[in-house]
Amino acid sequence: MSRQEANAEALPFEDGAFDTVMSCVGVMFAPHHQAAADELVRVCRPGAGSGCSTGPLRGSSVRCSRR
(Lines give C-alpha, C1' and ligand atoms only; values in the text may rest on other atoms or scores of the structure.)
Protein backbone atom coordinates (compact mmCIF):
# COMPACT_ATOMS: atom_id res chain seq x y z
CA MET A 1 0.00 0.00 0.00
CA SER A 2 1.23 3.48 -0.76
CA ARG A 3 0.04 7.05 -0.47
CA GLN A 4 0.47 9.89 -2.94
CA GLU A 5 -0.89 13.42 -2.71
CA ALA A 6 -2.60 14.55 -5.92
CA ASN A 7 -5.42 16.63 -7.37
CA ALA A 8 -8.56 14.55 -6.72
CA GLU A 9 -10.15 15.83 -9.93
CA ALA A 10 -7.15 14.96 -12.14
CA LEU A 11 -5.30 11.95 -10.73
CA PRO A 12 -1.81 11.45 -12.22
CA PHE A 13 -2.39 7.78 -13.11
CA GLU A 14 -3.33 5.91 -16.27
CA ASP A 15 -6.80 4.48 -16.81
CA GLY A 16 -7.17 1.14 -15.04
CA ALA A 17 -3.90 1.51 -13.11
CA PHE A 18 -5.18 -0.02 -9.84
CA ASP A 19 -6.97 -3.12 -8.56
CA THR A 20 -8.67 -1.14 -5.78
CA VAL A 21 -9.03 2.58 -5.04
CA MET A 22 -10.35 4.07 -1.81
CA SER A 23 -10.96 7.66 -0.78
CA CYS A 24 -11.57 8.38 2.90
CA VAL A 25 -13.18 11.82 3.18
CA GLY A 26 -11.13 13.11 0.22
CA VAL A 27 -13.91 13.41 -2.34
CA MET A 28 -16.03 15.57 -0.06
CA PHE A 29 -13.33 18.27 0.02
CA ALA A 30 -12.87 18.44 -3.76
CA PRO A 31 -14.52 21.47 -5.40
CA HIS A 32 -16.38 19.19 -7.83
CA HIS A 33 -17.45 16.03 -5.99
CA GLN A 34 -18.59 14.10 -9.04
CA ALA A 35 -15.38 14.83 -10.97
CA ALA A 36 -13.32 13.45 -8.07
CA ALA A 37 -15.52 10.34 -7.81
CA ASP A 38 -15.24 9.81 -11.58
CA GLU A 39 -11.45 9.88 -11.28
CA LEU A 40 -11.53 7.08 -8.69
CA VAL A 41 -13.50 4.94 -11.10
CA ARG A 42 -11.28 5.88 -14.07
CA VAL A 43 -8.06 4.69 -12.42
CA CYS A 44 -9.58 1.33 -11.37
CA ARG A 45 -9.10 -1.56 -13.75
CA PRO A 46 -12.31 -2.97 -15.27
CA GLY A 47 -14.09 -5.15 -12.72
CA ALA A 48 -12.11 -3.70 -9.80
CA GLY A 49 -13.51 -2.00 -6.73
CA SER A 50 -13.60 1.63 -5.75
CA GLY A 51 -15.03 3.21 -2.65
CA CYS A 52 -15.72 6.56 -1.05
CA SER A 53 -16.14 7.32 2.60
CA THR A 54 -17.54 10.79 3.32
CA GLY A 55 -19.35 12.77 5.93
CA PRO A 56 -22.86 14.09 5.36
CA LEU A 57 -23.10 16.21 2.21
CA ARG A 58 -26.26 18.23 1.84
CA GLY A 59 -27.58 18.25 -1.69
CA SER A 60 -24.85 15.95 -2.99
CA SER A 61 -25.62 13.15 -5.40
CA VAL A 62 -22.10 11.80 -5.94
CA ARG A 63 -21.97 8.36 -7.49
CA CYS A 64 -18.81 6.33 -7.08
CA SER A 65 -19.32 3.17 -9.10
CA ARG A 66 -18.30 1.55 -12.36
CA ARG A 67 -20.48 2.64 -15.25
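The values are calculated or read from the model by the stated rules, or taken from the named source; none is laboratory data. If you're wondering where the values come from, they're calculated on a predicted model, not measured in any experiment. Positions of Cβ are backbone-derived with ideal geometry, glycine not excepted, and every protein chain shown enters the neighbour counts.
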Problem - Residue count for the range 9-46, restricted to those that are on the phi < 0 side of the Ramachandran plot, among the hydrophobic types (A, V, I, L, M, F, W, C), modelled with pLDDT under 90 and not in a helix (DSSP H, G or I) - result: 4
Practice task
For Q4, indicate whether it is of a type in the set (S, T, N, Q), outside any strand (DSSP E or B) and surrounded by 14 or more Cβ atoms within 10 Å (Cβ to Cβ).
Solution key: no
